[in-house]
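Trainee: After the structure tokens below, expect a handful of questions from me.
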Amino acid sequence: MSVMMPEMIFAVKRLLAVALIVTLGSVAAHAQEAQENGSQANGDGDQLALYEQLTLFGDVLERVRAEYVDAPSDEELIEAALTGMLASLDPHSAYLPPKGFEDMQIQTRGEFGGLGIEVTMDKGLVKVIAPIDDTPAQRAGMLPNDLISHLDDEPVLGLTLAEAVERMRGQKGTDITLTVLREGEDEPLEITITRDIIRIRAVRHRVEGPRKNIAYIRLTTFNAQTTKNLKKAFSALPAEIGDKKLAGFIIDLRNNPGGLLTEAVSVSDTMLDRGEIVSTRGRQGRDSSRFTARRGDMARGYPVIIMINGGSASASEIVAGALQDHHRAIIVGTRSFGKGSVQTIMPLSNNGALRMTTARYFTPSGRSIQALGIEPDIVIEQELPEEFKGRNARSEADLRGALDGTNIDGQSNKEPEAPSDEPERSVAFIPAEPADDAQLQHAIKLLDNLNNAHLGKDDRSAL
């Protein structure tokens, strides 16, 4: 049997000593609080049980460092432990090593090198939430709910999400081959994508409708540039519409995987004049908050239609839920993804960070969309190409370890008995040509009809 070197024993003992100091400090703090509440015995018992588990961790670490067949890296061992701990909580909590944290910050700013897909982990594989518009991944044919099993013939299984993302990124002009498992396909697909600089255009806009008097705005993500560019779109559209009477706005959030909570709030605020936008409730009081709208509706009271589908997640659902609850917009499309939790980024001393779920969010009426999604006011199914037919979409509820949905009153957000003939969640597909886009065409027709109904009754000019 191998014998630990003195310096190894010292390192492990130091680790345990630190753990003991932290634990005893927590015990002391908890004991004082428990004494006030008359539950000191239970509190101390919980802390002692925690110390026993920390001791077990130290024992395992000591054995691995001393007796594993090849000398392991201490840094890699601790990083793996942190990664496993956070990944065991829910699909969206993660440990970000320094490089992963740096990449996340770059992506949030709206420009990075890579493929152009929003991803998560699902049963050990990389799952595509949505390809980003006008990126190499979209042009190569990547689709929502694709599962990536190999990167350049190397298996994804065993990698963390941060490691997989790091391997997919690279210099502009270099290729990577993804092995993709796609529902409806008998064999895995080999898709080769050429990396490029991904400059995310968070906001795109154009004029739509038979009279070219409908303002169409597509939001592809919620990064630091989204609200600023949305306001530019609101300001630019009058010149494009000209002297024609504005019929209303279509805000397209389909396949928008979300992003920054602050941007979701400010985007909602551009179309709301008053009232709550969203509230969050966490275990700690500091993680609970309430966001309200300020005066000023950049849509100036004109009708608004929000389009969503199964690829609309997180921040997209905050916007759709707020405008739906305030009856400020009609929601058109199919049920959204159902991510109703808030992640907080906590920087660490090693320049890495924790991305940890710290709160659930609630729409103004107090409902949670966690593992449920936003149900549109008008459900419009997209006509699917032959290769998509028979394929089922996946949602937050399908992810391993997903949190349960609980409304603000503490009750489950699930209906007691869902109807047995409830349709499957629809595939998040958007046709390349607007003329083939059934959801968009329905939204255009709806606004056009509303405009016709008000002609002669409303003397408002265009924006």
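Trainee: Condition first: assigned to a helix (DSSP H, G or I) and touching a helix residue (DSSP H, G or I) at 6+ places or on another chain (Cβ under 7 Å). Now tell me which residues in region 266-301 satisfy that.
Mentor: Within region 266-301, Ser266, Val267, Ser268 meet the criteria.
Trainee: Residue check, Gly405 against (1) crowded, with 18+ Cβ neighbours inside 10 Å; (2) of a type in the set (Gly, Ala, Ser); (3) more than 27 Å from Met121 (Cβ to Cβ), all met but one. Which one?
Mentor: If we test Gly405 against (1) crowded, with 18+ Cβ neighbours inside 10 Å; (2) of a type in the set (Gly, Ala, Ser); (3) more than 27 Å from Met121 (Cβ to Cβ), just (3) comes out false.
Trainee: Test Leu24 against the stated conditions and say whether it is within 26 Å of Met356 (Cα to Cα), aliphatic (A, V, I, L, M) and modelled with pLDDT of 60 or more.
Mentor: Spelling it out, it is not the case that Leu24 is within 26 Å of Met356 (Cα to Cα), aliphatic (A, V, I, L, M) and modelled with pLDDT of 60 or more.
Trainee: Select from region 334-389 the residues that are among the hydrophobic types (A, V, I, L, M, F, W, C) and either assigned to a strand (DSSP E or B) or not assigned by TED's automatic domain parsing to the domain that holds Gln439 (or both) and list them in ascending order.
Mentor: Answer for region 334-389, where residues must be among the hydrophobic types (A, V, I, L, M, F, W, C) and either assigned to a strand (DSSP E or B) or not assigned by TED's automatic domain parsing to the domain that holds Gln439 (or both): Val342, Ile345, Met346, Ala353, Leu354, Met356, Ala359, Phe362, Ile378, Val379.
Trainee: Any residue at all in region 257-268 that's under 25 Å from the mean Cα position of the chain (by Cα), in the same structural domain as Arg355 (by TED's automatic domain parsing) and farther than 19 Å from Gly321 by Cα?
Mentor: Within region 257-268, none of the residues are under 25 Å from the mean Cα position of the chain (by Cα), in the same structural domain as Arg355 (by TED's automatic domain parsing) and farther than 19 Å from Gly321 by Cα.
Trainee: Since Ala49 meets every condition but one in (1) surrounded by 12 or more Cβ atoms within 10 Å (Cβ to Cβ); (2) modelled with pLDDT of 50 or more; (3) under 36 Å from the mean Cα position of the chain (by Cα), which condition does it not meet?
Mentor: (1)
Trainee: Anything in region 54-86 that is polar (S, T, N, Q), in a helix (DSSP H, G or I) and under 26 Å from Pro347 (Cβ atoms)? List them, or say none.
Mentor: Within region 54-86, Thr83 is the sole residue that qualifies.
Trainee: Continuing with the same structure: Just a yes or no: is a residue in region 314-333 buried (at least 19 other Cβ atoms within 10 Å of the Cβ), closer than 21 Å to Leu143 by Cβ, at pLDDT 95 or above and not polar (S, T, N, Q)?
Mentor: There is at least one residue in region 314-333 that is buried (at least 19 other Cβ atoms within 10 Å of the Cβ), closer than 21 Å to Leu143 by Cβ, at pLDDT 95 or above and not polar (S, T, N, Q).
Trainee: Could we say that Phe112 is of a type in the set (Phe, Trp, Tyr) and under 15 Å from Gly352 (Cβ atoms) here?
Mentor: Taking the combined requirement at face value, the residue does not satisfy it.
Trainee: So, in region 87-109, how many residues would count as being in contact (Cβ under 8 Å) with a residue 24 or more places away in the chain, part of a helix (DSSP H, G or I), farther than 15 Å from Lys123 by Cα and not charged (D, E, K, R)?
Mentor: Residues meeting the conditions: 6.
Trainee: Output the residue which, of all residues in region 152-193 that are more than 24 Å from Ala428 (Cα to Cα) and either in the same structural domain as Thr220 (by TED's automatic domain parsing) or not in a loop (DSSP other than H, G, I, E, B) (or both), is modelled with the lowest pLDDT.
Mentor: Within region 152-193, the match that is modelled with the lowest pLDDT is Ala162.
Trainee: Determine, yes or no, whether Thr292 is modelled with pLDDT of 95 or more, over 30 Å from Pro431 (Cβ atoms) and surrounded by fewer than 17 Cβ atoms within 10 Å (Cβ to Cβ).
Mentor: When the stated conditions are applied, Thr292 passes them.
Trainee: Would you check if there is a residue in region 307-321 being of a type in the set (D, E, K, R), assigned by TED's automatic domain parsing to the domain that holds Phe291 and over 13 Å from the mean Cα position of the chain (by Cα)?
Mentor: No, because not a single residue in region 307-321 is of a type in the set (D, E, K, R), assigned by TED's automatic domain parsing to the domain that holds Phe291 and over 13 Å from the mean Cα position of the chain (by Cα).
The values are calculated or read from the model by the stated rules, or taken from the named source; none is laboratory data. This structure is a prediction, so every number in the text was calculated from the model and none was measured. So basically every Cβ, Gly included, is an ideal-geometry build from the backbone, and we count neighbours across all protein chains shown.
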